[in-house]
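The values are calculated or read from the model by the stated rules, or taken from the named source; none is laboratory data. None of the values given here were measured: they were computed from a predicted structure. No Cβ is skipped: glycine too gets one built from the backbone with ideal geometry, and neighbour counts run over all protein chains shown.
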Amino acid sequence: MSEDYTDKKYGFATRAIHAGNDVDRDSGAIKRPITMANSYALPYDPTDLNWSGATGNLYTRNGGTNQKYLQERVASLEGGEDCVALASGVAALSGLFFALLQKGDHVVFGSVTYIAVYRLLHELLNNKFGVETTMVDTTDPKNVEAAIRPNTRLVHIETPGNPTLMVSDIAAITEIAHRHGALLSVDNTFASPYNQRPIELGADFSVESLTKYINGHGDAMGGAIVGPRKYLDIIRAQSQVNLGGTISPFNAWLIMRGSVTLPLRMEKHNENALAVARWLEKQPCVRFVAYPGLESHRGHEVAKRQMSPGFGGVLSFGLRADHDTHNRFVRCLKVITSAVSLGHDESLIVFLGEDDERQYLFPEEFHNGFFRFSVGLEDVKDIIADMAQALEKTGLEVQK
């Protein structure tokens with residue numbers, strides 16, 4: 001292909017199919033093949049090579065062809081200059097933090113984030129490497145402003161947040177961070193670039209767990225950091241080559257394949273999740289429902305401004321029931337699977353009990369145990385019917 005399909009003159013769905021793809025020169029195949037080699041041929045005189053370099057094909061830990069193709073596509077979908085794809089979402093997060101931060105730097109981060117971020121910033125980087133951190137409720141930008149210090153290097157947020165679906169205003173927090181000379185990174189996993197593109201809202205970095213919606217099939221792990229090339233070159237050299245968090249060629253190929261249907265899948269995830277959230281909100285046995293697409297959600301107005309065309313496929317809810325009843329409800333489900341992760345084709349639910357160590361950081365309604373529900377691509381009538389029959393078998397009232 002001579003055409004540059006990463007160009008934004010093409011629509012999202014067109015770029016999801018064509019960006020990073022081309023005709024294979026050797027076979028004529030119209031899909032990029034998997035290159036499983038871990039080593040590449042050296043030039044006649046290799047003595048001038050940088051063995052820790054991340055440019056050109058040398059050794060797959062330094063970067064491989066399938067990784068390169070995937071990076072082109074994800075950067076295009078996120079609206080960013082460049083992308084580094086790594087072995088998992090956590091590898092992307094830790095790689096970003098490791099490369100950007102040093103002893104004495106300060107980070108402001110959200111009180112509702114993925115558990116690995118909580119570990120990395122609240123414990124590991126703080127205790128092991130002397131990085132100062134402050135955890136705040138980022139749903140109110142004033143909290144971010146108040147936490148900024150002269151040595152603040154990075155502000156990190158997650159919106160919608162895992163697992164409470166709290167929403168933070170990306171544009172407002174970008175203005176605060178940049179005014180104080182700090183960078184802003186946004187974990188965009190729950191939204192996906194189909195619904196939200198943080199870089200187009202001013203953020204410096206968008207981080208994705210490629211394992212989730214971008215792959216979409218529950219069969220491969222990967223993570224991505226999208227942002228300015230000058231920073232991503234540092235991440236490649238330090239976090240990819242020297243920490244070794246490289247994505248495997250096979251996983252990169254699988255995620256590349258899965259990403260083709262991202263627009264179609266997200267349209268259905270959005271539609272199904274909103275329908276399920278509205279149904280749950282009507283049930284007398286449901287204590288609360290948290291989904292940004294509901295008018296009752298405290299972050300709904302912000303979500304409407306920065307998320308389009310939908311609000312994602314994840315919601316949280318709790319029952320008016322004790323601990324054991326929550327578990328019995330899950331056991332009675334037939335279509336919905338009890339498992340961690342999200343963004344799969346099938347619906348996944350996990351019960352988060354009352355003893356979570358971060359419970360004190362969550363809104364009060366989450367304190368008595370709740371479900372995180374990744375709504376899948378099944379017929380929405382089947383999803384709702386499955387929940388209804390499980391509630392009835394558990395002895396809870398269902399509004400038809």
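For segment 240-263, state whether one or more residues are modelled with pLDDT under 95, in the same structural domain as residue 76 (by TED's automatic domain parsing) and assigned to a helix (DSSP H, G or I). Yes - at least one qualifying residue is present in segment 240-263. Screening residue 225 with (1) modelled with pLDDT of 95 or more; (2) touching a strand residue (DSSP E or B) at 6+ places or on another chain (Cβ under 7 Å); (3) surrounded by 21 or more Cβ atoms within 10 Å (Cβ to Cβ); (4) farther than 12 Å from residue 88 by Cα gives one miss only, at (4).
Screening the candidates 53, 20 for the property of being within 24 Å of residue 82 (Cβ to Cβ) and surrounded by fewer than 17 Cβ atoms within 10 Å (Cβ to Cβ) yields one hit, 53. The single residue among 108, 84 that is in contact with a Ser or Thr (Cβ under 6 Å, 6 or more places away or on another chain) and either in a loop (DSSP other than H, G, I, E, B) or at pLDDT 90 or above (or both) turns out to be 108. Within segment 242-262, the residues that satisfy the criterion of being surrounded by fewer than 22 Cβ atoms within 10 Å (Cβ to Cβ) and within 12 Å of residue 64 (Cα to Cα) are 248, 249, 250.
Listed here are the residues, each with its yes/no results for (1) modelled with pLDDT of 95 or more; (2) among the hydrophobic types (A, V, I, L, M, F, W, C); (3) buried (at least 24 other Cβ atoms within 10 Å of the Cβ); (4) within 24 Å of residue 297 (Cα to Cα).
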site: 159; (1), (2), (3), (4): yes, no, yes, yes
site: 181; (1), (2), (3), (4): yes, no, no, no
site: 201; (1), (2), (3), (4): yes, yes, no, yes
site: 211; (1), (2), (3), (4): yes, no, yes, no
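For (1) of a type in the set (Val, Ile, Thr); (2) in the same structural domain as residue 185 (by TED's automatic domain parsing); (3) farther than 19 Å from residue 198 by Cα, each residue gets a yes or a no:
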| position | (1), (2), (3) |
| --- | --- |
| 7 | no, no, no |
| 17 | yes, yes, yes |
| 45 | no, yes, yes |
| 58 | no, yes, yes |
| 64 | no, yes, yes |
| 77 | no, yes, no |
| 86 | no, yes, yes |
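Of all residues in segment 24-41, those satisfying the criterion of being under 30 Å from the mean Cα position of the chain (by Cα) and farther than 11 Å from residue 249 by Cβ are 30, 31.
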